[in-house]
Ligand SMILES: Nc1ncnc2c1ncn2[C@@H]1O[C@H](COP(=O)(O)OP(=O)(O)OP(=O)(O)O)[C@@H](O)[C@H]1O
Ligand SMILES: [Mg+2]
């Protein structure tokens with residue numbers, strides 16, 4: 001497998017330096033850490049938002065650092081949760097005294113490491129609150145659902161709320177509202193290759209796809225013979241819509257997310273069917289985003305996220321953001 | 001006395017050797033029912049542990065405390081906080097004490113409590129808990145026996161094969177997680193096996 005890398009051991013370090021080199025006016029790296037923060041952090045008078053997790057999901061999460069979204073992002077090794085000391089550094093660097101909201105994706109590693117960081121913060125009298133994103137309906141038990149592309153809506157909307165001057169509790173509440181109304185499901189067409197081992201992260205035959213796969217190649221719902229874009233769109237929507245609890249007047253936001261190796265051309269072919277099915281079913285779409293937002297290295301495939309909106313969420317979704325990966 | 005500073009350091013260094021030797025095997029186990037990083041995480045972290053143990057230490061508790069902080073900041077994933085907590089609790093349980101068989105049982109009890117609390121996990125969920133828990137039961141039975149420690153941990157590790165995972169990444173595989181050993185249970189077995197070897201040789 002050919003990869004555009006140097007030493008696999010240095011991949012995170014070199015990526016972070018590369019991100020800073022690309023946006024020197026917007027982000028900076030905390031020395032000797034894997035933490036990137038807003039250049040102007042801590043932002044006076046504002047609740048800070050931090051997210052993070054294993055690397056390999058770029059532009060998540062560093063690409064969402066900016067005015068109106070995240071204040072900091074913590075990167076672990078590829079697909080491995082970052083350690084508590086790193087998260088704690090991010091908390092310290094972004095807290096302006098108003099407190100810090102930790103946006104955590106629901107994986108046991110992430111939850112435990114962020115928890116420990118919150119305990120470290122508490123011991124230094126820094127206020128934190130957390131929300132746990134669990135939007136992946138491929139997992140039956142709602143408590144065990146994984147955090148996937150829906151996390152970007154949390155960053156955007158809670159970030160806008162914080163930018164507007166809301167308190168830590170209010171930002172947390174809005175973030176939770178987004179989580180409660182967001183559902184995602186994905187599909188993989190081909191696996192990603194782990195940089196350290198050079199091996200595929202999971203097995204998938206040439207003529208197979210996997211429905212409901214996670215962003216680290218975790219088991220999905222089932223393997224199927226390859227299907228067309230329209231068939232996949234139909235399958236995902238049929239599973240998502242019953243989970244959405246939509247009234248006739250409700251409007252939704254749609255995110256079609258590429259997993260890393262699927263061309264935007266194909267994402268748009270897929271989106272075409274999603275939109276026509278939604279129109280057929282009378283579901284009103286307020287906003288659509290198509291692109292690569294929460295990837296899985298060079299896995300091919302996509303995920304579909306639906307978010308049920310109310311007036312508050314609409315306004316915050318439309319609010320300005322300077323984050324390179326989600327400019328508004 | 002069961003172990004002193006020297007034996008503890010030897011134990012951890014041997015454990016590091018074992019992990020670096022079995023790194024690919026552990027990751028392969030994790031690839032089957034997780035995300036394939038357990039061996040890499042553990043080997044990376046314990047290499048740092050081994051490198052940090054050349055200083056002078058006053059007692060076993062300080063060695064274990066140093067290990068805990070290194071593990072917490074260098075392993076990552078789910079196993080970092082879990083092993084980090086386990087070593088921290090062991091360190092606290094032997095603070096100011098000589099480590100004899102009774103104290104060692106208390107250390108394992110504290111560690112197991114810490115793992116369960118941090119992971120919100122119980123026995124039978126196909127995790128490292130399923131090795132630590134039977135080991136504690138055995139240690140409570142009285143007389144310490146290195147060979148039995150090793151055998152108990154090994155059997156417990158083997159028993160995870162037929163369990164269904166309900167915690168961690170393996171839980172997404174549900175019934176399909178059966179027929180695979182839990183990687184964290186295997187790395188915990190190595191930990192007790194290396195300790196048994198150090199104690200067995202010392203005696
Ligand atoms: N909640 C839990 N309680 C106890 N043990 C757990 C729990 N979650 C995971 N484990 C143990 O951790 C092992 C996996 O560790 P690993 O280092 O691979 O972390 P991970 O789950 O892949 O996390 P990450 O994806 O963040 O790297 C499992 O084999 C299991 O023994
Ligand atoms: Mg793993």
Revision key, fill the gap. With a ≥ b ≥ c from the Cα gyration tensor eigenvalues, square-rooted, and the rule rounded for a/c under 1.5, otherwise prolate when a/b > b/c and oblate otherwise, the range B:108-175 is oblate
Review point. With chain A treated as a Gaussian network of Cα nodes joined by springs under 10 Å, which of A:96, A:23, A:190 yields the largest mean-square fluctuation?
Key: A:23
Study note, to complete from the structure: For the range B:74-127, one quarter of the surface area of the C-alpha convex hull, expressed in nm², comes to 4.2
Exercise for review: Normalise the Debye intensity by I(0) for the range B:73-203, one equal point scatterer per Cα, no solvent, then take log10 at q = 0.16 Å⁻¹ and round to two decimals.
Suggested key: -0.78
**Study point:** Whole-Å distance, taken between Cα centres, linking the range B:101-151 and the range A:295-328
**Key:** 45
**Study point:** GNM result for chain A, Cα springs below 10 Å: residue of A:59, A:200, A:242 fluctuating most strongly
**Key:** A:242
Review point. Between the helical axis of B:60-74 and the dominant principal axis of chain B, each derived from Cα atoms, what acute angle in degrees is found, rounded to the nearest 10?
Key: 30
**Study point:** 21 Å tail of the calculated P(r), the range A:8-180, as % of Cα pairs
**Key:** 41
**Study point:** Anisotropy class of the range B:1-139 from Cα gyration tensor, a/c 1.5 cut
**Key:** oblate
**Study point:** Two-site FRET efficiency, residue A:25 against residue B:51, from Cβ-Cβ distance with R₀ of 35 Å, rounded to 0.05
**Key:** 0.35
Check your understanding: Which order do B:42, A:1, B:107 fall in if you start with the one that has the fewest other Cβ atoms within 10 Å?
Key -> A:1, B:107, B:42
Revision key, fill the gap. Whole-percent tail of the Cα-Cα distance distribution for the range A:182-318, cut at 22 Å, equals 37
Check your understanding: Fewest first, what order do A:151, A:94 take by the number of other Cβ atoms within 10 Å?
Key -> A:94, A:151
Practice item. Calculate how steeply helix B:38-51 sits against the longest principal axis of the alpha-carbon atoms of chain B, using the helix alpha-carbon long axis, and give the answer as 0 to 90 degrees to the nearest 10. Key: 10
Revision key, fill the gap. Across all Cα atoms of the range A:160-203, Rg and the largest Cα-Cα distance (Dmax), in Å, are 18.6, 47
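Let me have the 222 nm mean residue ellipticity of the protein assembly as shown computed from DSSP H runs of 4+ only, each contributing -39500 (n - 2.57), with the sum over all residues rounded to the nearest 500.
About -15000 deg cm²/dmol.
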Exercise for review: Please work out the Cα center distance from the range A:190-255 to the range B:54-82, rounded to the nearest Å.
Suggested key: 39
**Study point:** With Cα atoms, 0 to 90° folded angle of helix B:183-202 axis to chain B main axis
**Key:** 30
Study note, to complete from the structure: With label points set 7 Å from each Cα along the Cα-to-Cβ direction at residue A:32 and residue A:266, the distance between them in nm comes to 4.4
Revision key, fill the gap. Honestly chain A on the Cα gyration tensor test (a ≥ b ≥ c root eigenvalues; a/c under 1.5 rounded, otherwise a/b vs b/c for prolate or oblate) is just oblate
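Taken together, the values in this text are just the output of simple stated rules run on the coordinates, not laboratory data. Note that this is a predicted model, so its numbers are computed, not measured. For neighbour counting, all protein chains shown are included, and Cβ atoms are generated from backbone atoms with ideal geometry for every residue, glycine included.
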